[in-house]
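Enquirer: The structure's right below; bear with me while I get my questions together.
Quick note: the coordinates plus some simple rules give every number you see, no bench work behind them. Predicted, not measured: the structure shown is a model, and the values here were computed from it. Here the Cβ positions follow ideal geometry from the backbone for every residue, glycine too, while neighbour counts run over all protein chains shown.
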Number of protein chains: 2
Amino acid sequence: MPKIAVLRWGHRFRDERVTTHVALVARAFGASEFIVADVEDEGIRATIEKVVKQWGGPFDFRMNISWKQVVREWKKKGGIVVHLTVYGENLQTSDVLRRIKQTGNDVLVIVGSQKVPGEFFSEKVSDFNVAVGNQPHSEVSSLAVFLDRFFDGKALEKEFEGWRIKVEPSSRGKHVLKQ
Amino acid sequence: MPKIAVLRWGHRFRDERVTTHVALVARAFGASEFIVADVEDEGIRATIEKVVKQWGGPFDFRMNISWKQVVREWKKKGGIVVHLTVYGENLQTSDVLRRIKQTGNDVLVIVGSQKVPGEFFSEKVSDFNVAVGNQPHSEVSSLAVFLDRFFDGKALEKEFEGWRIKVEPSSRGKHVLKQ
């Protein structure tokens with residue numbers, strides 16, 4: 001199964017909750033690594049560390065690295081880059097997901113914000129520009145739906161290692177295991 | 001096709017961006033109505049109005065109504081209630097989505113936050129408690145993936161009426177229609 005890493009670009013401190021949600025989505029939907037470009041934000045680091053400690057891993061994250069360096073290293077290792085953008089090829093109406101999966105390569109997913117550098121759209125950076133629908137919504141939802149479809153829904157049944165807390169699915173109430 | 005409304009519970013002003021993202025997801029993924037329980041937040045109202053004016057509708061929203069009133073009215077009209085929660089039946093590993101769709105009824109989706117009233121889990125309020133995976137992530141991603149699957153992916157090809165701005169999907173660059 002190809003490996004997925006998620007690169008969050010354009011984080012500002014007022015975005016802390018949104019970037020944290022992007023990180024949690026990356027982990028919950030099967031990515032193995034999360035990278036925040038260009039910024040160090042201790043609040044986000046603390047939240048991710050706490051979630052991994054309680055709910056399990058493995059899940060790597062890095063911060064404060066230039067996006068160019070991340071992309072360069074990723075491509076050097078043979079991975080492809082997918083840029084999620086409202087302007088891209090529609091995940092539902094085009095065959096872009098099939099073409100991405102056909103490569104069989106590891107995927108770096110770039111999740112931006114409203115004003116990303118124009119270079120993100122060019123073949124120098126992104127192998128695919130993908131729109132999770134061509135309507136405005138959220139980087140959190142775009143990443144979740146992209147990964148849900150990429151893994152054919154299977155990410156939602158993933159078991160994590162080293163958990164201290166685990167939820168048992170239930171039609172009523174809260175059933176939590178602790179160890 | 002059943003109608004979907006989304007009820008956001010537990011909004012606080014520091015959540016403005018997250019609640020706005022939930023609203024945009026509701027619209028983009030095929031819900032026809034968005035309701036913020038118990039709170040009036042002009043910032044969110046302005047954002048939603050602007051998006052509907054620019055990108056089209058129809059999309060209704062209401063604020064500052066008690067959740068009990070919303071649920072009561074919904075049930076009186078014969079609709080069912082689905083509560084999205086990390087503790088619920090797993091969307092992937094259970095048959096809960098099939099059972100929801102089998103009812104054929106309109107669905108009120110309740111999107112909460114970390115500490116929802118215990119009543120939300122009981123049959124007095126929710127017909128189904130659904131987990132978009134049993135790992136922590138975000139109300140934004142939970143709603144998106146639930147609606148994506150509910151509509152069999154078709155929401156992402158929905159056309160909106162009365163748009164002034166529309167994106168043409170593209171593998172490179174930004175292609176925007178304006179009228």
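Enquirer: What residue, of A:ILE110, A:ILE100, is part of a helix (DSSP H, G or I), more than 10 Å from chain B (Cβ to nearest Cβ) and closer than 27 Å to A:MET1 by Cβ? First the steps, then the outcome.
Expert: Details: A:ILE110 fails: part of a helix (DSSP H, G or I).
Result of the check over A:ILE110, A:ILE100: A:ILE100.
Enquirer: Which condition from (1) touching a Pro at 6+ places or on another chain (Cβ under 7 Å); (2) away from chain B (no Cβ under 11 Å); (3) closer than 23 Å to B:LYS158 by Cβ is the one that A:ASN105 breaks?
Expert: Looking at each condition in turn, A:ASN105 falls short on (3).
Enquirer: Looking for something surrounded by 16 or more Cβ atoms within 10 Å (Cβ to Cβ) and of a type in the set (Asp, Glu) - is there at least one such residue anywhere in segment B:166-176?
Expert: So far as segment B:166-176 goes, no, none of its residues is surrounded by 16 or more Cβ atoms within 10 Å (Cβ to Cβ) and of a type in the set (Asp, Glu).
Enquirer: Scan segment A:46-86 residue by residue and report those that are without any contact (Cβ under 8 Å) to a residue 40 or more places away in the chain, among the aliphatic types (A, V, I, L, M) and in contact with a strand residue (DSSP E or B) (Cβ under 7 Å, 6 or more places away or on another chain).
Expert: The answer is A:ILE48, A:MET63, A:ILE65.
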